[in-house]
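All remarks here apply to the structure that follows.
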Amino acid sequence: MKIVKKAQAGTMQSSDLMVFLEPAETLTVTIESTVVKQFGALIRAKVDEVLEKHGIESGEVRITDRGALDYAIEARLETAIMRATEG
Amino acid sequence: MVTSLLSTDDLGQARALVEASGLRFEAPYDDLVGVFEAGRLVAVGARQGRVLKMLAVAPAHQGGTLLDEVVTELVGRGYQDGVDSFFVFTSPALVPGFEALNFNLLVASGTTALLEYGDGLRRYLSRYAKQIRAGNNGAIVANCNPFTLGHRYLIEQAAAAVDQLFLFVVREERSLFPFGARLRMVQEGTADLGNVVVLDTSWYAVSSITFPTYFLKGGDPGGAIQMELDLLLFARRIAPHFHVKTRFVGSEPWCGTTAAYNEAMHRILPPLDVAVQEIERKSAMDRPISASRVRDMLLNGELEGIAELVPVSTLDFLLSSEGIKIWVKGESK
């Protein structure tokens, strides 16, 4: 799927995350997290996995996380992808 | 649940809560939202452009998630409105609360802290990583509305005194000439100067965030604090990244706001290891050259004298169909 418009999902509350997606020529992923030192690599791996699952090859992906569990990351990112790709 | 505050009763409660928290209720805003509990407003917040303001939570309800909910709503709505970075001014004591929400502290003075949601400053600085060489570098921040021989003179003087000169063109769209046009005039007018690098200020210098009164006529008393934040941000975060040791500025004989800004520069920058060098303005026809003088002449249709005040590259632009459209539109205002 292709990111064709801006979309956002999630909240800023503890144990949750905000996902921002925007169309772009190339794929860039930036992750900010209050637990980036401990879990940055795991968050990144989960994000890459979900992007790949949906065939997202370009777009700007920004994530600000407050210690969300991996299935929350997956759910929020998928929600944002649905919003960013729907006609 | 976070809802828009629209009715007269909503606004009355919002004003009371904001003022009870020691803040000022400041219109205008793009969004004003809050959370009610049993008919009473217990949390409030507003967004104006990129700035979140009037964030307050009733004392009995602090420590929960209300602030998070309000900020989430404001950021979500702002993002849908096309805003991609957000700032908040708050008291230094409240900085940790915002840092927990993934806000990053940009700069703090005694009474005010400026935070940004996300890592925009870091991304902005890393954009220019390739163009930076260590050395005795200098910087100029200028609006160039439009680019004049006065700017050119200041840049020549500064460039001759440093290894690399970073010329920050004000990004903000509050001027007669749009940013793209100003940037092009600067690039064309300095193309022959090998050690001058032209870049944009983004939101981090002389912007509606760091220095809103620059764009208002007459200034306002609150502007002094923000002027200070603008300069602290420059000295602490921007100058070190570019190895800037000196900030160059033209003397300001007329505009009160700019003169006050220059004065604040002399006071704030040197203690933070950024020297300030004020260069006497170049004159033409016995009067200092300034962009406002050029604009006045354009708007009054005095086109003959302008060639004395601007380089050929600027003149070409001003007289191009694109340039004429801009100032003819200004004339009708």
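The values are calculated or read from the model by the stated rules, or taken from the named source; none is laboratory data. Computed from a prediction, not measured in an experiment: that's the story for all the values here. Because the Cβ atoms are built from the backbone with ideal geometry, glycine has one as well, and the counts that use them run over all protein chains shown.
Restricting to the stretch B:267-307, count the residues that are surrounded by fewer than 15 Cβ atoms within 10 Å (Cβ to Cβ) and more than 20 Å from B:Ala159 (Cα to Cα).
Selection size over the stretch B:267-307: 14.
Across the stretch A:75-87, what is the total count of residues that are under 23 Å from B:Thr65 (Cα atoms), away from every other protein chain (no Cβ under 14 Å) and not small (Gly, Ala, Ser)?
Selection size over the stretch A:75-87: 1.
What number of residues within the stretch A:23-49 satisfy the criterion of being outside any helix (DSSP H, G or I) and either within 14 Å of another protein chain (Cβ to nearest Cβ) or on the phi > 0 side of the Ramachandran plot (or both)?
Taking the stretch A:23-49 first, the residues outside any helix (DSSP H, G or I) are A:23-35.
Now restrict to residues that are either within 14 Å of another protein chain (Cβ to nearest Cβ) or on the phi > 0 side of the Ramachandran plot (or both): A:23-24, A:28-35.
The qualifying residues number 10.
Is there a residue being surrounded by 16 or more Cβ atoms within 10 Å (Cβ to Cβ), within 11 Å of another protein chain (Cβ to nearest Cβ), acidic (Asp, Glu) and in contact (Cβ under 8 Å) with a residue 60 or more places away in the chain anywhere in the stretch A:55-62?
Here is the first cut: in the stretch A:55-62, the ones surrounded by 16 or more Cβ atoms within 10 Å (Cβ to Cβ) are A:56, A:59-62.
Filter once more, so that each one left must be within 11 Å of another protein chain (Cβ to nearest Cβ): A:60, A:62.
Going one step further and asking which of them are acidic (Asp, Glu), we end up with A:60.
Then keep just the ones that are in contact (Cβ under 8 Å) with a residue 60 or more places away in the chain; that gives none.
No; the residues of the stretch A:55-62 include none that is surrounded by 16 or more Cβ atoms within 10 Å (Cβ to Cβ), within 11 Å of another protein chain (Cβ to nearest Cβ), acidic (Asp, Glu) and in contact (Cβ under 8 Å) with a residue 60 or more places away in the chain.
Among B:Gly97, B:Gly118, which is within 14 Å of chain A (Cβ to nearest Cβ) and out of contact with any Leu (no Cβ under 8 Å at 6 or more places or on another chain)? Write out each step before concluding.
On the way: B:Gly97 fails: out of contact with any Leu (no Cβ under 8 Å at 6 or more places or on another chain).
So the residue among B:Gly97, B:Gly118 that is within 14 Å of chain A (Cβ to nearest Cβ) and out of contact with any Leu (no Cβ under 8 Å at 6 or more places or on another chain) is B:Gly118.
Restricting attention to the stretch A:4-22, and to residues there that are within 11 Å of chain B (Cβ to nearest Cβ) and among the aliphatic types (A, V, I, L, M), which single residue is nearest to the chain's Cα centre (by Cα)? Give the steps one after another, and end with the answer.
Applying the first criterion (within 11 Å of chain B (Cβ to nearest Cβ)) to the stretch A:4-22 yields A:5-22.
Cutting the leftovers down to among the aliphatic types (A, V, I, L, M) gives us A:7, A:9, A:12, A:17-19, A:21.
Details: A:Ala7: 10, A:Ala9: 9, A:Met12: 14, A:Leu17: 9, A:Met18: 8, A:Val19: 5, A:Leu21: 7 Å.
By that ranking, first place goes to A:Val19.
Here are some residues: B:Val162, B:Val206, B:Val170, B:Val197. Which one is at pLDDT 95 or above and surrounded by 20 or more Cβ atoms within 10 Å (Cβ to Cβ)?
Working: B:Val206 fails: at pLDDT 95 or above; B:Val170 fails: at pLDDT 95 or above; B:Val197 fails: surrounded by 20 or more Cβ atoms within 10 Å (Cβ to Cβ).
Exactly one residue qualifies, and that residue is B:Val162.
Scan the stretch A:63-74 for residues that are over 9 Å from the mean Cα position of the chain (by Cα) and either within 14 Å of chain B (Cβ to nearest Cβ) or free of Cβ contacts under 8 Å to residues at least 40 places away in the same chain (or both) and jot them down.
First, pick out the residues of the stretch A:63-74 that are over 9 Å from the mean Cα position of the chain (by Cα): A:65-72.
A:Asp65, A:Arg66, A:Gly67, A:Ala68, A:Asp70, A:Tyr71, listed by residue number.
Go through the stretch B:74-94 and give me each residue that's part of a helix (DSSP H, G or I), of a type outside the set (S, T, N, Q) and within 9 Å of another protein chain (Cβ to nearest Cβ). It would help to see each step written out before you state the result.
To start, the set of residues in the stretch B:74-94 that are part of a helix (DSSP H, G or I) comprises B:74-80, B:92-94.
From what's left, of a type outside the set (S, T, N, Q): B:74-79, B:92-94.
If the condition is that a residue be part of a helix (DSSP H, G or I), of a type outside the set (S, T, N, Q) and within 9 Å of another protein chain (Cβ to nearest Cβ), then B:Val75, B:Gly76, B:Tyr79 are the ones that fit.
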